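Taking it in order: structure first as structure tokens, then the write-up.
Rule-based calculations on the coordinates, nothing more; no lab input. On a predicted model such as this, the values are computed, not experimentally measured, just so you know.
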């Protein structure tokens, strides 16, 4: 099985990040949160001790004093319980959070937020 079939969400994220590199407004700061992947129990414990939290959105974007969290899913993806909980917590803290299914939806979301040129 090739990497595209095994990691369709990663493909969406790479494509969106390429768009952001070229089209994000100059005053938009963004970064990926690499929470996914397999880790052994010791490494996972160290990361948890360091503040890594399950469910944090794939991308965090900041502009004009506002924070946005974007969870990326393949077309058939599902939001986990941890992701739902984190989105609620982030919204309570004042962030704007969304889940996008596929590249077109992700692009539409960041454009709706006014983060693209």
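Measuring nothing but how far apart in sequence close Cα pairs (under 8 Å, 6+ apart) lie, relative to its length, the chain scores a relative contact order of 29 percent.
For the chain, a Gaussian network of Cα nodes joined below 10 Å ranks 47, 72, 103 by mean-square fluctuation, and the top entry is 47. The distance linking the stretch 53-70 with the stretch 87-117 is 8 Å (Cα centroid to Cα centroid, whole angstrom).
Normalised by 2.2 N^0.38 Å, where N counts its residues, the alpha-carbon radius of gyration of the chain equals 1.08.
Once you've got the GNM for the chain with C-alpha springs shorter than 10 Å, pick whichever of 73, 48, 25 has the biggest mean-square fluctuation. Between 73, 48, 25, it is 48 that shows the largest mean-square fluctuation. Among 15, 93, 32, whose mean-square fluctuation peaks in a Gaussian network model of the chain (Cα, cutoff 10 Å)? Top of the fluctuation ranking is 93.
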